[in-house]
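Trainee: Got a structure here, written out as structure tokens. Questions coming.
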Ligand code: PMP
């Protein structure tokens with residue numbers, strides 16, 4: 001396939017970008033000598049840049065977002081129709097797509113009833129933190145205000161959620177942060193912190209209980225976790241972990257918040273990652289795959305019990321959640337999300353994710369047989385990681401330069417893969433694969449073939 005519409009004046013476009021755009025998560029020094037990459041068009045699993053180079057995208061838009069693939073005209077049409085009818089209204093009124101989407105979403109989330117709209121994963125998570133702080137003041141007399149988060153997890157970029165960041169270098173330089181955020185240990189079995197424990201998953205969950213007891217259970221209002229840790233290393237929780245976490249939250253009356261910004265809307269093969277583990281959360285947040293990047297939308301979803309506490313404050317009958325998100329009223333979001341969900345359902349993308357996820361995993365395990373550099377393969381559905389090591393026995397992480405060389409080699413050969421972000425000192429060594437949920441067997445094989453070739457080249 002050729003690029004569909006090459007831009008005019010490619011050199012001018014690149015120069016405008018080089019001169020004026022500050023790219024996310026990027027060191028710009030190299031652009032003094034090389035051209036920044038500018039993506040122009042996408043169809044399905046494929047993308048074209050300004051030079052006409054074609055890519056197979058194994059990371060759904062760079063950061064696990066374009067779940068239903070590029071170029072979906074039905075989503076564009078749904079957004080267009082909604083914008084022409086009514087583009088926006090915020091504040092105290094509802095909307096047609098907002099009500100319809102909330103109803104459809106809630107059908108997939110037994111036990112949860114209320115949807116609060118905003119625009120980004122960070123914002124959706126911060127809403128939960130604010131709700132918990134308000135409940136602390138309103139219901140618990142100032143107790144239960146602390147928020148627990150886990151080492152290696154990430155919940156967003158604003159100062160509020162960076163206070164709950166388990167990836168140290170993402171937060172360094174940006175303090176001081178709001179108070180009352182406490183870290184609990186990660187649960188990555190490969191880097192076994194509990195070698196003597198008879199059951200790793202239970203030991204990892206019990207480590208959370210230890211923190212709760214140390215801090216005092218009546219000081220803690222919320223435990224916030226990713227269902228499968230994304231940028232922190234593609235960490236699928238060990239067996240036994242989630243049921244024990246649920247028990248601990250119930251025992252100490254701590255609300256459980258699951259950050260589904262990455263796993264939500266099908267990435268693991270169920271609508272939400274927590275549904276793989278039978279967990280019953282009090283809050284679920286979602287963003288990226290919610291509208292597959294066709295509009296900016298995020299949701300904070302909670303239970304009727306939480307909602308009721310904001311309706312029936314004995315100390316102040318007029319009290320309510322004192323929060324607004326201006327663009328939570330932009331109706332392109334729910335219109336796109338509704339059509340995105342219809343596509344996932346009608347095309348059985350959950351089933352495809354399970355099938356293709358198994359293939360991706362099997363291919364990676366076969367590569368592990370061949371390449372000593374692959375120390376661990378882990379993940380769920382179309383969300384898989386391969387941790388690269390310099391030595392399988394000592395598990396010494398592969399040097400960052402080599403990991404990046406593997407990613408660059410794939411990119412040169414037209415396959416976009418990711419690696420854990422550089423915020424985990426010494427542990428930025430996991431290749432991240434999260435193709436769109438429409439991936440075919442040929443796409444999956446092309447992705448793992450590219451990794452095979454890259455490892456052969458980089459590791460010799
Ligand atoms: N939570 C998780 C698990 C994420 O991976 C991210 C973004 N990578 C966020 C929250 C923040 O989302 P956003 O960038 O939309 O604010």
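Trainee: When 1/r is averaged over all different Cα pairs and the result inverted, which Kirkwood radius in Å belongs to the chain?
Mentor: 23.0 Å
Trainee: I need the Debye-formula profile for region 312-352: one equal scatterer per C-alpha, no solvent, reported as log10 I(q)/I(0) at q = 0.17, 0.24, 0.25, 0.34 1/Å, two decimals.
Mentor: The computed values of log10 I(q)/I(0) come out as -0.66, -0.81, -0.83, -1.04.
Trainee: Suppose R0 equals 35 Å. What FRET efficiency, 1/(1 + (r/R0)^6) with r the Cβ-Cβ distance, do residue 319 and residue 22 give to the nearest 0.05?
Mentor: So the FRET efficiency works out to roughly 0.30.
Trainee: If you don't mind, another one. Between residue 408 and residue 130, what is 0.36 nm times their sequence separation minus the Cα-Cα distance? Round to one decimal in nm.
Mentor: 96.0 nm
Trainee: Given region 74-346, what percent of its DSSP beta bridges are antiparallel, to the nearest 5?
Mentor: In region 74-346, DSSP labels about 40 percent of beta bridges as antiparallel.
Trainee: Based solely on its DSSP helices, what 222 nm [θ] is calculated for the chain when runs of n ≥ 4 H residues each add -39,500 (n - 2.57) and the sum is averaged over all residues, nearest 500 deg cm²/dmol?
Mentor: The helix-only estimate for the chain comes to -11500 deg cm²/dmol at 222 nm.
Trainee: Additional query: Sort 201-207, 334-340 for me by packing, meaning the mean count of neighbouring Cβ atoms within 10 Å per residue, highest on top.
Mentor: Sorting 201-207, 334-340 by mean packing, highest first, produces 334-340, 201-207.
Trainee: Where Rh is the Kirkwood radius over the Cα pairs of region 74-346, the temperature 37 °C and the viscosity 0.692 mPa s, what D in µm²/s does Stokes-Einstein return?
Mentor: 171 µm²/s
Trainee: Nearest 0.05, what FRET efficiency do residue 35 and residue 199 give at R0 = 45 Å with Cβ-Cβ as r?
Mentor: 0.30
Trainee: Here's something else I'd like to know. Just to be sure I understand the model, the point goes 7 Å from the Cα along the line to the Cβ. What's the resulting residue 190 to residue 15 distance in nm?
Mentor: It works out to 4.6 nm between the two label points.
Trainee: Next question, about the same structure. Taking the convex hull of the Cα atoms, report for region 269-356 its projected area averaged over all directions, in nm².
Mentor: Averaged projected area of region 269-356's Cα convex hull equals 7.4 nm².
Trainee: Using the beta-carbon distance between residue 445 and residue 43 and R0 = 22 Å, what value does 1/(1 + (r/R0)^6) give for FRET efficiency, to the nearest 0.05?
Mentor: 0.70
Trainee: Restricting to the chain, compute how many DSSP beta bridges are antiparallel as a %, nearest 5.
Mentor: 65 percent
Trainee: Arranged from highest to lowest average of other beta-carbon atoms within 10 Å per residue, in what order do the peptides 370-376, 225-231, 389-395 appear?
Mentor: 225-231, 370-376, 389-395
Every number here is computed from the coordinates shown, using simple stated rules; none is lab data. All figures in this text were calculated on a predicted structure; none of them were measured in a lab. Virtual Cβ from ideal backbone geometry, glycine too; neighbours counted across all protein chains shown.
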